[in-house]
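K.L.:
I'd like to ask you about the structure that follows.
Laboratory data are not the source of any read-out in this text; all were calculated from the coordinates shown. Fair warning: this is a prediction, and the values are worked out from it, not measured in the lab. When we count neighbours, we look across all protein chains shown, and the Cβ atoms used for this are built from the backbone with ideal geometry, even at glycine.
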Amino acid sequence: MTFLKDPYNENITLNKKEYQVNKGVIAGLAIVGVIAIIIVTVAVMYFSTSNSEIRLRNRINAVQLDNQNEFQLMWTRIEQVTQVTRAERESVERIIVSYADQRSGEGGGGRFINAVREAVPSVDNATFVNLQNTIVASRDRFANRQRQLIDLKREHDNIIMTFPGSIFVGSRPQVDITVVTSTRTQETFQTGLDDNIKLDL
């Protein structure tokens, strides 16, 4: 029988069979440890990727709902300013009709103009400028929100379509988003033609 010294303790001697058994146990434990590390790593990657995909999907859905709200607010602002404009216009029209009915005869035209100036001393385009600013600001704000939504969709698509995310969540569907556009824009991209804008002033 062959005896071997324990490399960690010189006072202990092992026979060859026991030594080989101990080496096998150590090697087996090492293999099990490596497998365990791989399983834990894969599990962490899966849950991390899955949670990222779910968070992005939920954020995209939330942004779409928020965009609907912002779109409604945009038109509410425009309608409110437009109603002010309409009210001012109707007020001026009532004054004109009223004085036109009451003033007649020689010099009536001059008296009519003076009456309008007395009643509405400063009729300017301030309200129309306010309306224009409201429309431009609202549309720009909404356009920025749509860019954010498109960028979130791109980020989500990258997760489910590129490695290693495609391994874990590649079977999940892409998120559908609604990008608000105009008929003119759709026709332009379908035909590839963009004619000059003609303004009828």
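K.L.:
Taking the simple approach of a point 7 Å from Cα along Cα-to-Cβ for both ILE54 and ILE31, what is their distance in nm?
P.N.:
3.6
K.L.:
Just subtract the alpha-carbon distance of MET161 and GLN174 from 0.36 nm times their residue separation and send over the number in nm, one decimal.
P.N.:
That pair, MET161 and GLN174, stretches by 3.7 nm at full extension.
K.L.:
Once you place label points 7 Å from the Cα toward the Cβ at LEU73 and GLN148, how far apart are they in nm?
P.N.:
Between LEU73 and GLN148, the simple spin-label model gives 1.0 nm.
K.L.:
What distance in nm lies between label points placed 7 Å from Cα along the C-beta direction at VAL136 and LEU193?
P.N.:
It is 3.1 nm.
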